[in-house]
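> Please find one structure pasted underneath; my questions will follow.
Readers should treat all values here as calculations from the given coordinates under stated rules, not as data from a laboratory. Keep in mind that what you see is a predicted model, and the values were worked out from it rather than measured. Ideal geometry is used to build each Cβ from the backbone, glycine not excepted, and the neighbour counts take in all protein chains shown.
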Amino acid sequence: MGNLAKLKEMLEKSQSNMSIGTLRERKLLQKRVYFLQVLGIELGYHYNWYVYGPYSPALTCDIYDLNLKMTVAPETVGSYNSNSHENTIINRFRKMFREYLENSDDSAYWFELLASLHYMINAGYIKSKTKKSAVEGLLALKGSRFSKDDAEKAWHFLEDNQLIST
């Protein structure tokens, strides 16, 4: 179990909804926490590959626990004050993902695509760290979910934001 107060603080500051009522909301939450950790926020969640890309079972447990506590006994969650390093990372996250934080209809799609591609590259699922290899690898695993054009856009997003090194 992670630090629920810290998780709550990071989600609130990163403009991430803690709602988990729909699959879309659960995917968004998983992928946003994934990227907060990629950027350097220490939350302690480990991810593995699942149907919708990187997934943390421990995060799922914690977010259900957090939602229950916030509903029944919010005082039991405690508080957490982010430090300046974490605030810098959160500001970078918000700037980087600003168009996807508005919970538009396609934000879950893009977060899933970006996180899936990033995870595949960094977990060694792809032969070489080239755009061609990454896009082909992603489409081989999840071709029915994403288009080639969108996968290439995701590659450029990750590269432009220095989330992959080529």
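> Based on the Cβ-Cβ distance from Arg24 to Tyr125, what FRET efficiency comes out when R0 is 35 Å, to the nearest 0.05?
0.90
> Now a separate question. Which order do the peptides 111-118, 79-86 take when ranked by the mean count of other beta-carbon atoms within 10 Å per residue, highest first?
Listed from highest to lowest mean packing, they are 111-118, 79-86.
> Using Cα pairs closer than 8 Å and at least 6 residues apart in sequence, work out the relative contact order for the chain, in percent.
Relative contact order for the chain comes out at 24 percent.
> Another one. State whether the stretch 50-105 is rounded, prolate or oblate according to the following rule on the C-alpha gyration tensor (a ≥ b ≥ c being the square roots of its eigenvalues): a/c under 1.5 gives rounded; otherwise a/b larger than b/c gives prolate, and the remaining case gives oblate.
oblate
> Mind ordering 24-33, 124-133 by average Cβ neighbours within 10 Å, highest first?
24-33, 124-133
> Let me ask something additional. For P(r) over Cα pairs in 10 Å bins from 0, in percent, one of (1) 9, 33, 34, 20, 4, 0; (2) 8, 28, 15, 11, 17, 15, 6, 0; (3) 10, 40, 35, 13, 3, 0 was computed from the structure I shared and the rest are decoys. Which label?
So the structure-derived entry is (3).
> Under the rule of -39500 (n - 2.57) per DSSP H run of 4 or more residues, summed and divided by the residues of the chain, what mean residue ellipticity at 222 nm is obtained, to the nearest 500 deg cm²/dmol?
My calculation for the chain gives -19000 deg cm²/dmol from helical runs alone.
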